[in-house]
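Participant: Handing you this structure, nothing more for now.
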Amino acid sequence: GVNLVGYVTAVLGVGEVARLMAATLDTARVPAAIVANRTTLSRQSLAFDSARPSEAAYDLNLLCVNADHTVHLAQQLGPDFFAGRRTIGVWFWEVEDFPPEMTEAFAVLDEVWVASDFVLEAIAPVSPRPVRKFPLPVVVPSVPDDVTRSELGLPEDRFVFLFVYDF
């Protein structure tokens, strides 16, 4: 099983990643303890059934928080949360140079997972831990059969796509 820690209740990009990872674990029927990290200034408006850190009983920790919050999260969870467990950080980074002051976060982890070549190229050169690229999971929502394009105000004869950017 997996202990997944992330911003599962927050309106935040990394929170969405944690929710995607939780949904993927559920779809794959991997036992998981989902621990909500609520230490963010982002709005906490999403309902999510989560466990207390003391209920996280699996040998693998998956931390869906970026490097700048990893050490703080580890301090909150305490050393017992990490004792005898493999810990993976799921990180995103939007600039080419990884700040030296964030390298202390590597000490909390056994490896880092990133979702793009750009992030891999920013983090891998300074990481004392393995950095692995993985594709983000995609959860395809179910759409009721009786919903039509015209009801949604969409043209019938055109391809439509949505682009969303989390500023």
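Participant: Return the residues of the stretch 99-126 that are of a type in the set (Gly, Ala, Ser) and either touching a Cys at 6+ places or on another chain (Cβ under 9 Å) or farther than 22 Å from PRO79 by Cβ (or both); say none if nothing qualifies. Lay out the reasoning, then the answer.
Facilitator: Residues of the stretch 99-126 that are of a type in the set (Gly, Ala, Ser), as a first pass: 105, 107, 115-116, 122, 124.
Of everything in the stretch 99-126, those that are of a type in the set (Gly, Ala, Ser) and either touching a Cys at 6+ places or on another chain (Cβ under 9 Å) or farther than 22 Å from PRO79 by Cβ (or both) turn out to be ALA115, SER116, ALA122, ALA124.
Participant: A further question on this structure: From the list ALA57, ALA22, pick out the single residue that is more than 14 Å from the chain's Cα centre (by Cα) and among the hydrophobic types (A, V, I, L, M, F, W, C). Full working, then the answer.
Facilitator: On the way: ALA22 fails: more than 14 Å from the chain's Cα centre (by Cα).
Answer to the check: ALA57.
Participant: Residue by residue through the stretch 1-49, note down the ones that are polar (S, T, N, Q) and buried (at least 19 other Cβ atoms within 10 Å of the Cβ).
Facilitator: If the condition is that a residue be polar (S, T, N, Q) and buried (at least 19 other Cβ atoms within 10 Å of the Cβ), then ASN3, THR9, ASN37 are the ones that fit.
Participant: Counting just the residues of the stretch 120-142 that are open to solvent by 100 Å² or more (accessible area, probe 1.4 Å) and among the hydrophobic types (A, V, I, L, M, F, W, C), which one comes out modelled with the highest pLDDT?
Facilitator: Filtering first and then ranking leaves VAL138.
Participant: Additional query: Exactly one condition in (1) farther than 24 Å from VAL119 by Cβ; (2) touching a residue at least 12 places away in the same chain (Cβ under 8 Å); (3) in a loop (DSSP other than H, G, I, E, B) is false for ALA33; which is it?
Facilitator: (3)
Participant: Checking the condition within 27 Å of SER127 (Cα to Cα) and without any contact (Cβ under 8 Å) to a residue 40 or more places away in the chain, which residue from ASP68, ASP49, ASP26 passes?
Facilitator: ASP68
The values are calculated or read from the model by the stated rules, or taken from the named source; none is laboratory data. Predicted model, so just to flag it, every value in this text is computed and none were measured. Please note: Cβ atoms are built from the backbone with ideal geometry, for glycine as well, and neighbour counts cover all protein chains shown. The protein model used for the area step is the full one, side chains on, heavy atoms only, and it has no ligands, DNA or RNA in it. Shrake-Rupley method; radii C 1.70, N 1.55, O 1.52, S 1.80 Å.
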